[in-house]
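Heads up, the thing below is written out as structure tokens.
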Amino acid sequence: MPCASNINTFVTGTVPYTDSFTHNFAVLDLAKWVSYQSYLSPYYGALPISIILGQWGFEMGWSLTEFAARNNPGNMDATCGYKGSTIPGVSTPGKRYKFADLIEGVTAYAHLLISGYPCVQSAYSHGGIATSAGLTKACNALSAGYDVDNTTSSSYCSSNTYAENSSSTKRIWATAGYSGLYVTINGTNNTCLNVYNYIQSSDPNLYKFTNISF
């Protein structure tokens with residue numbers, strides 16, 4: 001089996017974007033676009049497709065329905081200047097925001113992960129691109145909010161500045177962390193994830209998506 005069934009359904013699934021008609025974007029292509037934005041960014045290193053898919057899966061509970069409902073695949077608790085709003089009656093951090101559409105949400109996620117958490121792509125590259133060591137280091141950085149080899153501080157979408165190179169200068173995405181993220185991505189039964197342990201270096205050319213101005 002290439003992946004656990006719920007993971008495979010998520011990774012091979014689609015989410016809709018509607019303008020004059022409905023476009024169904026492959027989740028995989030969206031993750032490739034985020035990776036490509038990291039490749040274009042001015043920050044050291046870049047993000048593998050697999051860690052993007054993994055974070056989305058953890059945050060969405062591997063649910064395409066959840067992804068489509070709020071267009072907020074990273075469960076961001078702010079819109080960071082992109083078009084979105086709070087959901088009436090919902091107060092749970094990470095669950096209370098929705099974006100105006102899929103493009104706004106995925107672009108906001110990419111911008112925050114790349115500019116707000118540069119320690120993650122730095123960790124992947126310092127650990128070794130397309131290696132288990134690099135993936136381990138990146139997963140740990142995403143979970144812990146820092147990596148000791150990071151040299152780029154960030155204040156993107158925050159009133160504070162984070163050096164992201166020690167536990168005292170960390171920037172946490174998820175309070176609970178991402179325990180098991182590396183094992184899930186790199187598990188021998190989850191080839192639908194670990195086959196994408198690489199950086200997207202060519203433009204996926206997604207409809208209406210434009211490169212981020214960092």
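Scan (1) farther than 22 Å from Thr131 by Cα; (2) modelled with pLDDT of 95 or more for the single condition Asp149 breaks and write down its number.
Among (1) farther than 22 Å from Thr131 by Cα; (2) modelled with pLDDT of 95 or more, the lone unmet condition for Asp149 is (1).
Could you tell me which of the residues Ala78, Ala100, Ala108, Ala130 is in contact with a strand residue (DSSP E or B) (Cβ under 8 Å, 6 or more places away or on another chain) and modelled with pLDDT under 95?
Ala130 is the lone residue from the list that is in contact with a strand residue (DSSP E or B) (Cβ under 8 Å, 6 or more places away or on another chain) and modelled with pLDDT under 95.
Among the residues in the range 47-63, are any out of contact with any helix residue (DSSP H, G or I) (no Cβ under 8 Å at 6 or more places or on another chain) and of a type outside the set (D, E, K, R)?
Yes, the range 47-63 contains at least one residue that is out of contact with any helix residue (DSSP H, G or I) (no Cβ under 8 Å at 6 or more places or on another chain) and of a type outside the set (D, E, K, R).
Scan the range 200-212 and give yes if some residue there is open to solvent by 30 Å² or more (accessible area, probe 1.4 Å), assigned to a loop (DSSP other than H, G, I, E, B) and under 24 Å from Gly61 (Cα atoms), otherwise no.
No, that holds for no residue.
Filter the range 160-174 down to the residues that are without any contact (Cβ under 8 Å) to a residue 24 or more places away in the chain, in a loop (DSSP other than H, G, I, E, B) and either open to solvent by less than 30 Å² (accessible area, probe 1.4 Å) or polar (S, T, N, Q) (or both) and list them by number.
Listed by number, the residues that qualify are Asn160, Thr161, Ser166.
Which of the helices (runs of 4 or more DSSP H) found entirely inside the range 14-119 contain at least 2 residues meeting this: crowded, with 20+ Cβ neighbours inside 10 Å and of a type in the set (A, V, I, L, M, F, W, C)?
Output list reads 27-40, 49-60, 102-111.
Which number in (1) among the β-branched types (Val, Ile, Thr); (2) touching a strand residue (DSSP E or B) at 6+ places or on another chain (Cβ under 7 Å); (3) in a helix (DSSP H, G or I) marks the one condition that Thr136 misses?
(2)
Inside the range 135-158, can you point out the residues that are over 14 Å from Trp173 (Cβ atoms), within 18 Å of the chain's Cα centre (by Cα) and buried (at least 20 other Cβ atoms within 10 Å of the Cβ)?
Leu135, Lys137 - these are the residues of the range 135-158 that are over 14 Å from Trp173 (Cβ atoms), within 18 Å of the chain's Cα centre (by Cα) and buried (at least 20 other Cβ atoms within 10 Å of the Cβ).
The values are calculated or read from the model by the stated rules, or taken from the named source; none is laboratory data. Quick caveat, the model's predicted, so the values are computed rather than measured. Glycine also receives a Cβ, built like all others from the backbone with ideal geometry; neighbour counts cover every protein chain displayed. The accessibility values were calculated without ligands, DNA or RNA, using every heavy atom of the protein model including side chains. Shrake-Rupley method; radii C 1.70, N 1.55, O 1.52, S 1.80 Å.
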